[in-house]
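Some notes on the structure that comes next.
Read-outs: derived from the displayed coordinates by stated rules, not from any lab. In this text, all values refer to a predicted model and were calculated from it rather than measured experimentally. A quick note on method: Cβ atoms are made from the backbone with ideal geometry, for glycine too, and the neighbour counts reach across all protein chains shown.
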Amino acid sequence: MANEDKQLSIYKRYWIYSPTEAKRIQSVANGVTASDATLGTVVTTGGVTKNYTSIVNDLKKVKQSDAIVVMSGDIRKVYYTNPTMG
């Protein structure tokens, strides 16, 4: 069982939303192109689609103090779309 837990942990991800990071992404998009950036979306356990600004495999890597976890789980099983720069 312990080996199985270790194998699953390499696929564990956290979908993070940070208003600060969302503003930064939009600012960069406005500076580089004349169109908007689209944040990524993730479908939560309850079936609700939410925006996210980054995906991390360790919560210690989150740098924004206003960041929240909108979803966590096995990246192979979670439905999400990647952010785009318009």
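Dipole magnitude for region 2-85: about 120 debye, using +1 per Lys or Arg Cβ and -1 per Asp or Glu Cβ, origin at the Cα centre.
Taking the highest mean first, how do the peptides 55-68, 17-30 order by number of other beta carbon atoms within 10 angstrom per residue?
Values: 55-68: 12.6, 17-30: 15.2.
The packing order, highest mean first, is 17-30, 55-68.
Would you kindly state how much longer the chain becomes between N57 and S27 on full extension, computed as 0.36 nm times their sequence separation minus their alpha carbon distance, in nm to one decimal? Display every interim value, and only then the final one.
Details: separation 30, 0.36 × 30 = 10.80 nm, distance 2.57 nm.
Residue separation times 0.36 nm, minus the Cα-Cα distance, leaves 8.2 nm.
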